[in-house]
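Attaching a single structure in structure tokens format; questions to follow.
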Amino acid sequence: MEARFLGIAELTRTPSVAVVVDVMRAFTVAAWAFGRGAEKIVLAESLTDALALKARHPDWVALKDGPPAPGFDAVNSPGLLRSLDLGGRTVVQKTTAGTVGALAVREASLVLCAGFVVAGATARLLRQRGCEAVTFVVTGEEGRAEEDLACAQYIARRTERGGPDATAFLRRAAGSRAAAELTEGVRQGAHPDDVRLCLELDRFPFAMVASSEDSLMVLRPYTVPSPSPADGTSA
């Protein structure tokens, strides 16, 4: 598989297959939302759009980066979200980087959103679909976020037979600027367990596929069967 690693601003054309990576914290949060029973996640263009969707659908759960704010039900923190019961609910998510990256490649034939918590399932789906060329969108820090790049490179390597050991990739993410800011309380709307939860490899058995539905970009879980022993540890 040919892999390219680009920041959002470096996307000069729409890729055929895109994996949008936001480890800390958008797509870790999205995975936890599905883990807590959410049916789908609508990726909002802006905070205004998120609030407008919430106003039209009062039963939807709206979340954003940063501290709590009027009109929003939750913040972009896996540690805080894991206590919510989202059974059958629709979540509206707007974040600084992750949702922006996904919307930037919305015209791609296949859009996956990923973090370490769904790395294995994401790699399995790429293999299952026979993807020959994949663009990994590194959303944080204008494409330089170490945690996102490490995760993207890990997923790319994991599509290969045999696969890599995750230790070095997780260590890079743990030493990232984002991890430090979360640990030191620089980022608002955080929980002390956020970094640990973001680095929990393969916590969930599904990949997350984004596609257009009624003019909205909608993220849904897609369960990918685990490999048989004959497949080794590659995915």
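Check off (1) touching a helix residue (DSSP H, G or I) at 6+ places or on another chain (Cβ under 8 Å); (2) of a type in the set (D, E, K, R); (3) buried (at least 18 other Cβ atoms within 10 Å of the Cβ) for Arg82 and give me the number that stays unchecked.
Checking Arg82 against (1) touching a helix residue (DSSP H, G or I) at 6+ places or on another chain (Cβ under 8 Å); (2) of a type in the set (D, E, K, R); (3) buried (at least 18 other Cβ atoms within 10 Å of the Cβ), the one that fails is (3).
Have a look at Ser77, Ser83, Ser46 and point out the one that is at pLDDT below 95 and of a type in the set (Ser, Thr, Tyr).
Only one candidate passes the filter, namely Ser83.
Quickly run through region 11-58 and pick out the residues that are of a type in the set (D, E, K, R), over 21 Å from Ala173 (Cβ atoms) and not in a strand (DSSP E or B).
Once the filter is applied, which keeps residues that are of a type in the set (D, E, K, R), over 21 Å from Ala173 (Cβ atoms) and not in a strand (DSSP E or B), region 11-58 yields Arg13, Arg36, Glu39, Glu45, Asp49, Lys54, Arg56.
Residues of region 1-10 being under 28 Å from Gly79 (Cβ atoms) and part of a loop (DSSP other than H, G, I, E, B), which ones?
Gly7
In this structure, is Glu2 in contact with a Gly (Cβ under 6 Å, 6 or more places away or on another chain), over 23 Å from Leu199 (Cβ atoms) and charged (D, E, K, R)?
So Glu2 fails the test.
Mind checking which residues of region 160-177 are at pLDDT 95 or above and either among the β-branched types (Val, Ile, Thr) or touching a Lys or Arg at 6+ places or on another chain (Cβ under 8 Å) (or both)?
Within region 160-177, just Thr167 meets the criteria.
Tell me, which residue of region 188-214 that is at pLDDT below 95 and surrounded by fewer than 19 Cβ atoms within 10 Å (Cβ to Cβ) is nearest to Gly66 (Cα to Cα)?
Result: Gln188.
Within the bounds of region 138-160, is there any residue that is in contact with a Leu (Cβ under 8 Å, 6 or more places away or on another chain), in contact (Cβ under 8 Å) with a residue 60 or more places away in the chain and charged (D, E, K, R)?
no
May I pose another question? Within region 169-201, work out how many residues are assigned to a helix (DSSP H, G or I), in contact (Cβ under 8 Å) with a residue 12 or more places away in the chain and of a type in the set (Gly, Ala, Ser).
Result for region 169-201: 4.
Suppose we filter region 66-76 for residues that are closer than 17 Å to Leu43 by Cα and either out of contact with any Ser or Thr (no Cβ under 9 Å at 6 or more places or on another chain) or among the charged types (D, E, K, R) (or both); how many remain?
5
Just to be sure, is Asp148 of a type outside the set (A, V, I, L, M), crowded, with 23+ Cβ neighbours inside 10 Å and modelled with pLDDT of 95 or more?
In short, yes.
Something else about it: Looking at Ser16, is it under 29 Å from Gln153 (Cβ atoms), surrounded by fewer than 23 Cβ atoms within 10 Å (Cβ to Cβ) and touching a residue at least 24 places away in the same chain (Cβ under 8 Å)?
Considered against the rule, which asks whether it is under 29 Å from Gln153 (Cβ atoms), surrounded by fewer than 23 Cβ atoms within 10 Å (Cβ to Cβ) and touching a residue at least 24 places away in the same chain (Cβ under 8 Å), Ser16 comes out as yes.
The values are calculated or read from the model by the stated rules, or taken from the named source; none is laboratory data. Since this is a predicted model, take the numbers as computed values, not measurements. Because the Cβ atoms are built from the backbone with ideal geometry, glycine has one as well, and the counts that use them run over all protein chains shown.
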